[in-house]
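What follows is a short report on a single structure.
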Amino acid sequence: MAVILDEMFSDRVTKIVQYSDRLILLRIKAEPVDLVIIQVYMPTSEAEEEEIELMYEQIEELIQKEKATDQVIILGDWNAVVGEGRDGNEIGEFGLGKRNERGQELVNFCKRLKLVVTNTWYRHERRRRYTWKKPGDTGRYQLDYILIKHRYRNSVKNSRAYPGADVNSDHNLVMAKIELKLKKITKSVIKKKWCIKELEKQKGKFQRTIEGELLKQKSDEHKGVQRRVEKVERSNHRRSKRSLWVPNGKNC
């Protein structure tokens with residue numbers, strides 16, 4: 001289980017949850033709300049009912065951990081047929097085939113969480129609705145769906161299958177055109193806060209230390225000057241002793 005994103009999206013990913021080998025979640029920074037993508041691969045029709053129920057519980061748990069205002073998109077292979085004909089605000093007129101038991105479970109899940117199956121709401125030819133065909137092309141079914149919250153339904157402009165895409169799979173691609181704005185992630189600058197009260201406590205100690213250093217420096221400078229003066233005086237004294245001058249150039 002994996003999700004492939006282009007650079008525009010990948011640079012804005014703020015969270016990844018690999019829940020299982022059948023379930024993964026990504027959070028993408030967007031405006032006005034974040035985008036949460038959940039990729040699903042439901043067990044096949046041969047799986048036990050308990051396994052199917054557990055998967056729905058796990059998906060619901062992932063959704064509930066995110067913000068209620070997030071734009072949530074759940075997509076993948078549901079191994080279910082919701083069938084043709086409208087059913088409430090969840091299923092549109094343009095599904096495919098006759099609803100089966102797993103399809104009814106998906107519909108119930110959508111009604112409970114107020115989700116819309118997007119690729120049943122747009123009028124397309126039947127060949128652009130099916131997402132899987134049996135070996136030998138003995139049957140064509142709509143098993144893959146893209147779900148979105150009711151409140152963001154108007155952001156979806158189209159959703160359908162793309163038969164014939166070279167993806168090395170017995171499933172067709174399913175795509176949805178959704179309008180949203182991505183938000184650039186900026187690194188926050190942490191400003192250091194100074195503790196004024198603590199600085200006030202240290203003020204006196206710091207002032208005494210500085211004054212002490214200044215006095216020591218002044219004393220050292222004074223001693224240095226005094227040593228240089230004494231050195232000059234000693235040098236002059238020695239020179240005066242050696243330079244006694246007598247007329248006619250004779251020494252005493």
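No lab work stands behind these numbers, since they all come straight from the coordinates. Just so we're clear, the structure is a prediction, and the values are computed from it rather than from any experiment. Positions of Cβ are backbone-derived with ideal geometry, glycine not excepted, and every protein chain shown enters the neighbour counts.
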- Ordering of 55-67, 196-208 by burial proxy (mean other Cβ atoms within 10 Å per residue, highest first): 55-67, 196-208
- State the answer as a single residue: which of 35, 176, 161 lies farthest towards the positive end of the charge dipole of the chain, with beta carbon charges of +1 for Lys and Arg and -1 for Asp and Glu, about the Cα centre. 35
- Looking at the range 196-243, how many pairs of lysines come closer than 19 Å at the Cα, when each pair is eight or more places apart or spans two chains? 4
- Message: Using Cα-Cα distances under 8 Å and only pairs 6 or more residues apart, what relative contact order does the chain have, in percent?
- Response: 14 percent
- Between residue 104 and residue 47, 0.36 nm times their residue separation minus their Cα-Cα distance comes to what? 18.9 nm
- Helix 196-242 vs. the chain, principal-axis angle (Cα, 0 to 90°, nearest 10): 30 degrees
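Using only the Cα atoms, work out Rg/Rh for the range 196-243, with Rh taken as the Kirkwood radius, to two decimals. Mind dumping the intermediate values first?
Details: Rg = 21.0 Å, Rh = 13.9 Å.
Reported Rg/Rh (Cα atoms, Kirkwood Rh): 1.51.
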- Task: Could you list 124, 222 in order of exposure, starting from the residue whose Cβ has the fewest other Cβ atoms within 10 Å?
- Result: 222, 124
- What residues qualify as long-range amide H neighbours of residue 143, i.e. H under 5 Å apart, gap of 5 or more or another chain, H built at 1.01 Å from N? 131, 132
- Message: Treating only the Cβ of Lys, Arg, Asp and Glu as charged (+1, +1, -1, -1), what charge dipole size does the chain show about its Cα centre? Round to the nearest 20 debye.
- Response: 3680 debye
- Task: List the extent of the Cα atoms of the range 14-102 along each of their three principal axes, largest first, rounded to whole Å.
- Result: 39, 30, 16
- Using the reciprocal of the averaged 1/r over all distinct C-alpha pairs, how large is the Kirkwood radius of the chain in Å? 24.2 Å
